[in-house]
Amino acid sequence: GMVASEQALASQAGALMLREGGNAVDAAVATGFALAVVLPNAGNLGGGGFMLVHNARTGKNIALDFRETAPVSATRDMYLDASGNVIRGKSTQSPDAVGVPGSVAGLTQALAQYGTMSLAQVMAPAIRLAEQGFRVSPFLAENFALQRTHLGRWPGTRAVFFKQVAGAPDCALRDCPLSALRTYDAGELLVQTDLAASLRAIAQQGPQAFYTGDIAHKIVAELAGRSHPLTLADLRDYRTVVREPVRG
């Protein structure tokens, strides 16, 4: 069997499932969760996606839609000011930009319906990569450098994706001024302990750990400000959609 993804370590996670007797969906789900660790710029728990599944036994094709959905509070003009002009950054870099994430629901549903292995088995490589760390690739190092200002805006991303500049005064990463921080270089070990804890909770408790448990409460608390763009009810009520794929 062969597994292809945007990151070699994630592909290896999928290939390992095939070697251990898993099917294509087991491999895809292992790869998806591993991408949440090793491809932080794109493959993550806060996103969503699609999966096209072919059942060789029945010949049936299924399209699983687990894209993000708009929270109940969303309105048509939510990104416009009183004059009807677009508010710069509100739809991309504010709490109001966040959709209800579908990745966890989609990957766990695909595994339950079409996979053969347990959630703990397919998530083990992702947990290991987050807990023990992985070597930052040249591509990711370049991405970090390009996104330095953006990533530096929040205490959480400072704590995870930055290191102190040599010789800078000592400070807690989340509170350091950006001038005292640098992004990771290629070959450096990136450890993500909070992400490992989130992945472990999902592996042990299933998707409810993310949609109704501690993680859900943390997401809502993080986004809450003057408005409550995303609520616990939004997370609790998220559902994937099974669609009939277009054939040709």
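Please list the radius of gyration and Dmax for the range 146-208, considering alpha-carbon atoms only, with Å as the unit.
When restricted to Cα atoms, the range 146-208 yields Rg and Dmax of 14.1, 44 Å.
What's the ranking of 237-244, 189-196 by average number of surrounding C-beta atoms within 10 Å, highest first?
Highest-to-lowest ranking by the protection proxy: 189-196, 237-244.
Between the range 169-200 and the range 32-47, what is the C-alpha centre distance in whole Å?
What the calculation gives is 17 Å, centre to centre.
Would you please give the residues with an amide H less than 5 Å from that of Gly133, counting only those at least 5 places away or on a separate chain, with H modeled from the backbone geometry?
The list, which skips near neighbours in sequence, is Gln192.
Considering only Met123, Met78, Met51, give the residue with the highest GNM mean-square fluctuation for the chain, with springs between Cα atoms whenever their separation is below 10 Å.
Evaluated over the chain, the most mobile residue of the options is Met78.
Please give every one of the lysines within straight-line cross-link reach of Lys218, meaning a C-alpha to C-alpha distance under 26 Å, and leave out same-chain neighbours fewer than 8 residues apart.
Lys90, Lys163
Kindly give Rg over Rh for the range 108-248, based on alpha-carbon atoms, with the Kirkwood expression for the hydrodynamic radius.
1.04
Please label the shape of the chain as rounded, prolate or oblate, based on the square roots a ≥ b ≥ c of the eigenvalues of the alpha-carbon gyration tensor (a/c under 1.5 means rounded; beyond that, a/b larger than b/c means prolate, else oblate).
Taking the square roots of the gyration eigenvalues as a ≥ b ≥ c, the chain is oblate.
Given a 1.4 Å probe, how much area per residue of the chain is accessible, in Å²?
Spelled out: the 1.4 Å probe surface of the chain, per residue, equals 55 Å².
State the Cα centre-to-centre distance between the range 1-19 and the range 208-230 in whole Å.
The two parts, judged by their Cα centres, are 32 Å apart.
Cut-off 10 angstrom, C-alpha nodes, Gaussian network model of the chain. Which of Ala63, Ala126, Ala105 fluctuates the most?
Sorting by GNM fluctuation, first place goes to Ala63.
So, by mean Cβ neighbours within 10 angstrom, what's the order for 152-158, 65-71 with the highest one leading?
The peptides rank, most packed first, as 65-71, 152-158.
With n ≥ 4 as the cut-off for DSSP H runs, can you work out [θ] at 222 nm for the chain, using -39500 (n - 2.57) per run divided by the number of residues, rounded to the nearest 500?
Dividing the helical sum by the residues of the chain leaves -12000 deg cm²/dmol.
So what is the relative contact order for the chain, in percent, with contacts set as C-alpha pairs under 8 Å and at least six apart?
The normalised contact order for the chain reaches 23 percent.
Among Ile62, Ile127, Ile215, determine the one that fluctuates most according to a GNM of the chain built with springs between C-alpha atoms less than 10 Å apart.
It is Ile62.
The values are calculated or read from the model by the stated rules, or taken from the named source; none is laboratory data. Keep in mind that what you see is a predicted model, and the values were worked out from it rather than measured. Every residue, glycine among them, receives a Cβ derived from its backbone with ideal geometry; neighbour counts consider all protein chains shown. When the accessible area is computed, the model is the full protein with side chains, heavy atoms only, and any ligands, DNA or RNA have been set aside. Shrake-Rupley method; radii C 1.70, N 1.55, O 1.52, S 1.80 Å.
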